[in-house]
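Q: Sharing a structure with you now.
Where a number appears in this text, it was derived from the coordinates with a stated rule and is not lab data. Keep in mind that this is a model prediction, so the values were computed, not measured. Glycine gets a Cβ as well: all are built from the backbone with ideal geometry, and neighbour counts include every protein chain shown.
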Amino acid sequence: MSIAGGLHHAIEQAAIHRCAAVQLFSKSSNQWAARRITQEDVDRWTAALARSPMATVAHDSYLINLASPDPELLRKSRAAFLEEVRRCDLLGIPFLVFHPGAHMGVGEDEGQSAVARSLDWVCERSEASRTLLLLETTAGQGTSLGYRFEHLAAILERSRAAQRLGVCLDTCHVFAAGYDIRTEEGYASVIREFDRRVGLRMLRCFHVNDSKRELGSRVDRHEHIGKGHIGSRAFGFLMRDERFAGIPKILETPKEGEMDRRNLALLRRLASMDDSPRARGSGPG
């Protein structure tokens, strides 16, 4: 939801849509500069949440690249990400989702190590923070990291701050990266692979998006639920998977007219359907 007019407006708009969770940018997603969060901002945010309790998730700026081999861009990225953490702390937002970064030609292995070092740098300077930092799965465009579960596992393993980290799984991204979740068997297989490589205990958020592009395209283009190459059936597997019932699920589909309402209505119908097999398995962690 947009924060135009104030951070609290994201909560108010989510409440109108009867959401149980909301994601927002705490600042402009395409600028380095950030307007200071005032006490009035915090008070309005807190009051809105008191009126409409829901899970809250923040997403960091798209400019940040914690894997950058360029010293100046890395410095700016680390400082900006630390500011994102501090903004979450001011608002009491428990999860900050971020793309792992792009290695820009130095290779995936070095890129993964660079992300781990950046996370350690940030966590050392925010020791009192209670915000969990969630690595997001990516589609794998360009030199982006995070399109394989192995990438996430390597970053988590190399970081000294693993207790501060988790994962956000984006359905569009994993599909574009080559993980086929369109059938019950495929969905179950992908979740087993994630559990084997990363661990379900690390999964703290879902981004629920269909894909404009085909399986394995490595192109990140979100589509409305059931209108893309994934199709609505796969989202039924996720919505009825009891292992993930308490995990926030965020729509990042295009903001077009009444499509938020339609996407939400479809997901709610899929969640309540009893005519297709439920995903099976024990709870995370």
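Q: Tell me, for the chain, which Cys residues have no other cysteine's C-beta sitting closer than 4.7 Å.
A: CYS19, CYS88, CYS123, CYS172
Q: Using helices alone, I'd like the mean residue ellipticity at 222 nm for the chain: each DSSP H run of four-plus residues gives -39500 (n - 2.57), total over residue count, nearest 500.
A: Using -39500 (n - 2.57) per qualifying helix, the result is -12500 deg cm²/dmol.
Q: Shifting gears a bit: Quick one: net charge of ARG233's neighbours, Cβ under 10 Å, K/R +1, D/E -1?
A: 0
Q: Any idea which of LEU24, THR138, LEU165 is furthest toward the positive side of the dipole for the chain, if Lys and Arg beta-carbons carry +1 and Asp and Glu beta-carbons -1?
A: It is LEU24.
Q: Here is a further query. Taking the Cβ of ALA265 as the center, what net charge do the other residues with Cβ under 11 Å away carry, scoring Lys and Arg +1 and Asp and Glu -1?
A: Once positives and negatives cancel, what remains is +3.
Q: Let me ask something else about it. Calculate the translational D of the stretch 8-272 in whole µm² s⁻¹ from Stokes-Einstein, where the hydrodynamic radius comes from the Kirkwood formula applied to all Cα pairs, the temperature is 10 °C and the viscosity 1.306 mPa s.
A: 85 µm²/s
Q: Let me ask you something else. Over the stretch 1-146, what relative contact order in percent results from Cα pairs under 8 Å that are six or more residues apart?
A: In percent, rounded to a whole number, it is 22.
Q: Compute the label zone of ALA34 within the stretch 87-114: residues whose backbone N is under 11 Å from the point 7 Å along Cα-to-Cβ.
A: It comes to 87-91, nothing else.
Q: Between ALA79 and MET273, what is the label-point separation in nm under the 7 Å Cα-to-beta-carbon projection?
A: If labels sit at MET273 and ALA79, their model points lie 5.1 nm apart.
Q: What does the highest-first list of 212-223, 148-159 look like by mean Cβ count within 10 Å?
A: With the highest mean Cβ count within 10 Å placed first, the list reads 148-159, 212-223.
Q: Within 10 Å, count the other beta carbons around each residue, average over each peptide in 114-121, 9-16, 71-78, and list them highest first.
A: Highest to lowest by the protection proxy: 114-121, 9-16, 71-78.
Q: Express in nm, to one decimal, how much length is gained between TYR62 and ALA245 on full extension, taking 0.36 nm for each residue of separation and deducting their alpha carbon distance.
A: Extra length from TYR62 to ALA245 when fully extended: 63.0 nm.
Q: Find the lysine pairs in the stretch 8-272 meeting two conditions, Cα atoms under 24 Å apart and a separation of 8 or more places or different chains, and report how many there are.
A: Values: LYS27/LYS76; LYS27/LYS249; LYS27/LYS255; LYS212/LYS227; LYS212/LYS249; LYS212/LYS255; LYS227/LYS249; LYS227/LYS255.
Here the count comes out as 8.
Q: Here's another thing I want to ask about it. With unit charges on the beta carbon (Lys/Arg positive, Asp/Glu negative), name the residue among GLY216, PHE235, CYS123 whose Cα is farthest towards the positive pole of the charge dipole of the chain.
A: It is PHE235.
Q: Taking only C-alpha pairs under 8 Å that are 6+ residues apart, what is the relative contact order of the stretch 8-272 in percent?
A: Working: 497 pairs, mean separation 36.6, N = 265.
Computed value for the stretch 8-272: 14 percent relative contact order.
Q: Can you figure out the FRET efficiency of GLU258 with ARG158, using R₀ = 30 Å and their beta-carbon distance, to the nearest 0.05? Show your work: numbers first, answer last.
A: On the way: r = 45 Å, r/R0 = 1.49.
Step by step, r from the Cβ atoms, then E = 0.10.
Q: Relative to the Cα centre, what is the charge dipole magnitude of the stretch 8-272, using +1 at the beta carbon of each Lys and Arg, -1 at the beta carbon of each Asp and Glu, and rounding to the nearest 20 debye?
A: 520 debye
Q: For a Förster distance of 22 Å, can you work out the FRET efficiency between the beta-carbons of ASP180 and HIS17, rounded to the nearest 0.05?
A: That gives a FRET efficiency of 0.15.
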